[in-house]
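The values are calculated or read from the model by the stated rules, or taken from the named source; none is laboratory data. All values derive from a computational prediction rather than experimental measurement. Here the Cβ is made from the backbone with ideal geometry for all residues, glycine too, and neighbour counts use every protein chain on show.
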Amino acid sequence: MLGEPPVIELGNTTFAVRGRPRDGLRTVPDLVGWLRAIRPRLPVVLADEDLVGIGEDDLRTARELRDTVRSLADAAANGREPDPDAVAALNRLARRTPWWRELRVDPEPRVVASCAGPSVAFVLTALADEAVALFGGPARDEVRACQGPGCVLYFVHGAPRRDYCSAGCGNRARAARHYAKVRQAT
């Protein structure tokens, strides 16, 4: 996790290791692990019981949403119009489960998101809703592709000089530039 908005974190479950693409959501346990890791940042409380009930359908939905987010992030990062099929897929995913906000007053007033369906389906729908807000609003112009060698991750540009998804990618890029200069000098 890089501290990006949860929907970008979902998109970044496709990543590269030594320049080779990897899928972080190959199996149901992979999805369970990712949801467990991001659970504190989700808009709904996701209990352990909810994680036990995750199945292949949830995995397919998560992967479809992830691939849609990556397509939209790629278009945003490269200044292109989004693929109409990706837009249609996102809109379809965003309207899967009806949800609403409720006021809870015990132990103190707070807003809690609720849904009519399974909690995992709601989480994926809420992430799709977050993607709609991200790619349909001004933050779309802040989505960047990491410039690190071999990196395939995206991030939301927050600092004026940020070109990398993480400090590790920045360090690898600086090291690669240094070694290229050393090799060129010899």
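Looking at 146, 169 in this structure, which one is over 30 Å from residue 48 (Cβ atoms), free of Cβ contacts under 8 Å to residues at least 24 places away in the same chain, out of contact with any Leu (no Cβ under 7 Å at 6 or more places or on another chain) and buried (at least 19 other Cβ atoms within 10 Å of the Cβ)? Every option except 169 fails the conditions.
The residue list 57, 50 contains one member that is out of contact with any strand residue (DSSP E or B) (no Cβ under 7 Å at 6 or more places or on another chain), crowded, with 18+ Cβ neighbours inside 10 Å and of a type outside the set (A, V, I, L, M, F, W, C), which is 50. Tell me yes or no: at least one residue of the stretch 171-184 is out of contact with any strand residue (DSSP E or B) (no Cβ under 8 Å at 6 or more places or on another chain) and within 16 Å of residue 42 (Cα to Cα). No, the stretch 171-184 contains no residue that is out of contact with any strand residue (DSSP E or B) (no Cβ under 8 Å at 6 or more places or on another chain) and within 16 Å of residue 42 (Cα to Cα).
Taken over the stretch 76-99, residues that are touching a residue at least 40 places away in the same chain (Cβ under 8 Å), assigned to a helix (DSSP H, G or I) and surrounded by fewer than 18 Cβ atoms within 10 Å (Cβ to Cβ) amount to 1.
One line per residue, one yes/no per condition, for (1) in a helix (DSSP H, G or I); (2) closer than 24 Å to residue 10 by Cα; (3) among the polar types (S, T, N, Q); (4) modelled with pLDDT of 90 or more:
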{"residue": "139", "(1), (2), (3), (4)": "yes, yes, no, yes"}
{"residue": "159", "(1), (2), (3), (4)": "no, yes, no, no"}
{"residue": "162", "(1), (2), (3), (4)": "no, yes, no, no"}
{"residue": "174", "(1), (2), (3), (4)": "yes, no, no, no"}
{"residue": "183", "(1), (2), (3), (4)": "yes, no, no, no"}
